[in-house]
Every structure is written in C-alpha cells, then in structure tokens.
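The values are calculated or read from the model by the stated rules, or taken from the named source; none is laboratory data. Given the structure is predicted, the values throughout are model-derived calculations rather than measurements. With ideal geometry, Cβ positions are generated from the backbone for all residues, glycine too; neighbour counts draw on all protein chains shown. For the accessible areas, the whole protein counts, side chains as well, though only heavy atoms, and no ligand, DNA or RNA atoms are used. Shrake-Rupley method; radii C 1.70, N 1.55, O 1.52, S 1.80 Å.
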Amino acid sequence: MSDRTGVPRGGVSRPWVPAAAGYAALVIGILDILKGVVPRFRETRFSEIAGVLPGSVTTLAEASPLLVGILLIMLAHALRRRKARAWRAVVLLLPVGAVIEGLRWRHPIAAAVSLALFLVLVVNRREFYALSDPRSRWRALWNLVALGAFDVVIGWILVATHTRGMIGRPSPGEQLQHVILGLFGLEGPVMFASERAGDVVYYSLAGLGALTAVTTLYLALRPERPVAARTPADEERLRALLGRYGPQDSLGYFALRGDKSVIFSPSGKAAVAYRVVAGVMLASGDPIGDVEAWPGAIQRFLEEARRHAWVPAVIGCSETGGEVWTREGGLDALEMGDEAIVAVADFTLEGRAMRNVRQMVKRVERLGYTCQVRRAGDLTGAERARIRAAADDWRGTDTERGFSMALGRLGDPADGDCLVVTAHKEPGEGAAPPGGDLRAVLQFVPWGRDGISLDLMRRDRQADPGLNELLIVKALEAAPEFGVCRVSLNFAMFRSTLARGERLGAGPVLRAWRGVLLFLSRWFQIESLYRFNAKFGPYWEPRFLVYPTARDLPRIGVSALQAEAFLTLGLTRGRASLRGRRRPAAEAFGPSPGSVPEPGAAPVVREVRRMPLRDRTGQPEQGGEARHG
C-alpha cells in the first residue's frame, strides 16, 4: 500500500530515482545504437565513454549493443513511470552483463558501473511499484508495424555504413532487399569483402528481427485485459447509488457509459467512474453517492492511480466536487466553463428576451414540423431501431464522440427512464429520407427524479434551421408532465470570460483574453454555443478541471481529447453506432455525438474540450450533434 505521497509505506522517498534511471536508459540506449550501427563510432573516445556506461551489459557479440540499445529505449519510459516489470528486466540484465564483462576483462569499469547501478536499483526497489497498464491485443499489431519500420530504417543505415567493405556497388534497392531478408535471418544479395563485417551485419539484422518477433508474439499471446472492467454487480450497485443520490450531479448518469470502470469507497456508499487514456486516469463529474463517503472513494481512486503510475485527473466536476477533490487528494483545480441549467417553472416564451426563440419555433412549426416527447421505455422495439438507424445516418463523423457528458448508446432497455424527443415532418416528393418522417432526435438522461440532462442531439442534414430550438422548447414545455423541474443543457466553455469581457469597465487583460476566445470561435464554436445556451434563460453552474500539477496539463489535455474522440490515435475499427446494448470496453464509444448548434449552423459538441470536426471548407460537419461542446 502507498500513502498519499505515492511512496509505499515503510520506505524513504527518492522520487528522483525513477526519472534518473529512465533518462539514463534512454541516453545509454542511444549510445549503444550508435555503437552498433556506425563502425567508426567504436574507435572514438566517445565510444570509450559509452563502453564505460552500463549500456553494453550484454555485449556477447558485435551486434548486441544495437539490440541492448533498443531494449533500453523501450524500457526508459516504463522506468520513468515506476513500472515494476521494467525494474525487474533491468535488474536481471545488469548482473548478467557485469559477469560477462568481468570474465572477459574487456571493460572492467563497465562491469563495476553495472554492479553499482544494480545495487542502486535494488536499494530503491520500492520506488518501482507501478503495475502494468491494461491493454488490448491491438498493441501487438502496433508493435509489429512501428518496430518493424524502425528495424528497416536502422538496418538500412547499418548496411549503408559498411559500403566500403562491400563487393561491387549494390543499388539502394538491393541494399533494402538485403535488410528485409536479414530481418528474417536470410542472406541477402549484398556481399562483403570482410567476413567479420558480413557477420556483424547479419547478426545485427537477425537480432532486430528476432526482437520484433518476440515482443510482438508476447503482446499477442498475453491475456487481454479490457480497459473497462465494470461487472454487472458493479453496475447494479452504481444504479442503486444513482437512484438514491442521482439529484446531486447532472453528469452522474453518464457514469454508466460502457467504457468506464468504477471504484467504490470502503463503505460502498460512494463511487468514482473513470477511464484510463494515454496513462491518465480520467474521472468525470462528481463522485456518486453520499458526500460523506466521497473521501473514501477518492482515496481509492488515487491509490489505484499510484499503483499504475497513472496521472489522476477529473474533468467537469462541480464546485463542491472540486473542493473535495483538492482537499482530499492535494490536487489543483481550474475553472473550465459553465453548465447551462434551465428551471422549468421559470421558462416561458413570452417577453422580449425570448423573441428570437419564439419566432424561430413558430416558423419551424408553420413548415409542418411536429414533436413527440416520450420516455425511452415507452418506445416500441421498431421505433427504437428506426431512431438508432436515423441517428447513425445523421452523424457527421465515423467516430462516436463523448465521454464525460455522453452516454454513448440509444435505446438500451436499461435506460428506460431516458427522455426522447423526436421531430417529425412528412417527406416531400423524391426519395424518402432514411428515417421516414423522422427529422431529428434528442435524448435526455435522468438527473435524479426531477431533472434531466441533455445527452444526444441529432438531426437530418437537410432539416430546416431552428429545429434545435423547437426540440428544446418542446422538451421544456412537456417537462412538468414527466415530473421534471430542471433541465441541464449544454456546457459553455470559458463563459464567464466571454460575459465579463464585454461588460463596461472590463480590464485590458480580460478584454484581451476575450478577444483570443472570439478569434478561436472562428474555428471552434465557443462564443456561439454560449449565445445559443443563453437564449433559454438558464442559470449557470461552473465546472472544473482537477489535476495534480501544471506540468501534467498538456498530457491531461491530450488524453481528454482522445477520450472525447477528437484525437484518434488507434486503428479505425469501422463506423461505430448507437446500438441499444452496452458496449464492452474494446468497442467503447469514445466521445459521443454532438451538441446544440446555432440556428441554421452546424452542430457542435457539448463538452468542455469537444469541438466539431470540420470539412475542407472550414465549416463544422452537419448532422452529428451531442450535448458536449
């Protein structure tokens, strides 16, 4: 077990050891690769320095420094992240290399340094406690592609540096053929005058190929552990907590996404839902459950992050949640923006302030649009299938977006309390649209017993401007019939800056920051989403990002973009869809569809980090909309 500082109990903290070991492995690995690839490098004084360093711990042949260098570079990042397996690998390599060097008396200083480093790592073994990250077998394919390409480049350089020892002048194509065959352990067309040079090239290439094959085979055959490990029992407990404490947070129901894992407090009265992306343990919203039990769930969350050396982060938590996270975890918080919440009792289309919305809604109704508001559980199987098919067809991108403010599914029988709003219009002459008379759909998830939270908004790309306003207005007007008194709409990023920056007396710094946001709004719907939300007269609730240190913010930002599927670094597994069943982790949605767009404008996404993808003209893609922006 570890304490709050991340150091296992009973040990002395030396946080510099993993970083130093990792960077040392990286530098030594680079030196060994240079020593193995460039023959002249072995005769330089720089080579003597590299020989003294423990990079050549397994120099059993001329080709071994190259392989050891690659292994050290592969281990460097894992050492910096305190991975226990990386520590074990280095601790096994160092004494073996020291014994070989000592027996051969080739580099006695290198043997001594190897033993010294071995002792340092053994003494500081408590600093390397992190478990391996859960990964899928797709990692094996990426390893084969990436390491294979690296092998070809390094092998080509290796062959090119021995041109003086070649018989004749082989063409670049013949050299490349020699490299590729050598990776498979076969002789190529290039001949060397020196048998020693030929052996070095042969064994180096064969070693590179063997290293790639072994690592790929290991990754492919090891047991697959899904990212989301939530069991049916966990989901049942989570739904029980939501049933009792659901009114606390409008984002609570999104903890039921299929790609999220969950950690419970020791008492079982609170839970934190999360997903691990790029080494960042991302939680979203507030902990679910009794506020007094939140610290226990937060401590369990932080302990799990330390066990794997993940960076803990929370996106979209409330002010109360942010205070608990920062107090219990020693973290910092940054205001991201505000959530628009409409009080149903105060909503009306009357008055000058609602003139624009009122006119837009009446115009769309005169065009023949009608709306239906129903619980998802009241839909027939055929209706759910038709809505899902239309929603998939209207999505503007192949990747399903959403994480912190998206459920990622539509029509699941377990989500019968969701509120579904559909817009209908009889198709005109010509080919009928895929949804028939269905032109738009909007889904709200439960927010306790008396609230709903916007999850999904999709519309026909050929739909008339103002349809989004009609959907929201009809949902608000029908809310009392379903016992709903508050409706959470979209998230407006940096809303307070936009609002205060335009007021009389705003300072130069605030005006300058507002100007930057207005400039960015040309590409990302920052201001337009704020203006759209403000139309419905909401009150605003701030949302926060919780993070360990400022240096972690870039990494957290990248992982959040990946979680929301605005940045995709994996293989494309075909077009995702809003299927009516919960997806396993391997099929996890990534971020969900859209957000609420301006009248006549393309859809946006409702989340702090989520911005709409754009086509080649620079305009946002139409049709795919979700609650996050």
Exercise. Looking at (1) modelled with pLDDT of 80 or more; (2) under 19 Å from Met405 (Cβ atoms), can you tell me which one Val473 breaks?
Worked result: (2)
For this session: Could you pull out the residue among Phe519, Phe491, Phe532, Phe536 that is assigned to a loop (DSSP other than H, G, I, E, B) and either out of contact with any Cys (no Cβ under 9 Å at 6 or more places or on another chain) or within 30 Å of Asp437 (Cα to Cα) (or both)?
Result: Phe536
Exercise. Hey, Asp437 hits all of (1) modelled with pLDDT of 90 or more; (2) surrounded by fewer than 20 Cβ atoms within 10 Å (Cβ to Cβ) but one; which does it fall short on?
Worked result: (1)
For this session: Determine which single condition Leu302 fails, assuming it passes every other condition in (1) assigned to a loop (DSSP other than H, G, I, E, B); (2) crowded, with 23+ Cβ neighbours inside 10 Å.
Result: (1)
Exercise. When you go through Ala340, Ala345, Ala313, Ala333 one by one, which is the residue that is outside any strand (DSSP E or B) and either in contact (Cβ under 8 Å) with a residue 60 or more places away in the chain or not hydroxyl-bearing (Ser, Thr, Tyr) (or both)?
Worked result: Ala345
For this session: Just name the residue that is most open to solvent (accessible area, probe 1.4 Å) out of those in the stretch 231-268 that are of a type in the set (Lys, Arg) and either farther than 16 Å from Phe444 by Cβ or assigned to a helix (DSSP H, G or I) (or both).
Result: Arg244
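For (1) of a type in the set (Val, Ile, Thr); (2) at pLDDT below 85; (3) crowded, with 16+ Cβ neighbours inside 10 Å, each residue gets a yes or a no:
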{"residue": "Ala478", "(1), (2), (3)": "no, no, yes"}
{"residue": "Phe491", "(1), (2), (3)": "no, yes, yes"}
{"residue": "Arg495", "(1), (2), (3)": "no, yes, yes"}
{"residue": "Val516", "(1), (2), (3)": "yes, yes, no"}
{"residue": "Phe524", "(1), (2), (3)": "no, yes, yes"}
{"residue": "Leu529", "(1), (2), (3)": "no, yes, yes"}
{"residue": "Lys535", "(1), (2), (3)": "no, no, yes"}
{"residue": "Tyr539", "(1), (2), (3)": "no, no, no"}
{"residue": "Leu545", "(1), (2), (3)": "no, no, yes"}
For this session: Working only within the stretch 449-476, note down all residues that are within 25 Å of Gly246 (Cβ to Cβ), touching a strand residue (DSSP E or B) at 6+ places or on another chain (Cβ under 9 Å) and surrounded by fewer than 17 Cβ atoms within 10 Å (Cβ to Cβ).
Result: Asp450
For this session: Could you grab me the full set of residues in the stretch 269-296 that are among the acidic types (Asp, Glu) and crowded, with 24+ Cβ neighbours inside 10 Å?
Result: Asp286
Seminar exercise, completed: The residue that is surrounded by the most Cβ atoms within 10 Å (Cβ to Cβ), considering only those in the stretch 151-181 that are aliphatic (A, V, I, L, M) and not in a helix (DSSP H, G or I), is Met166
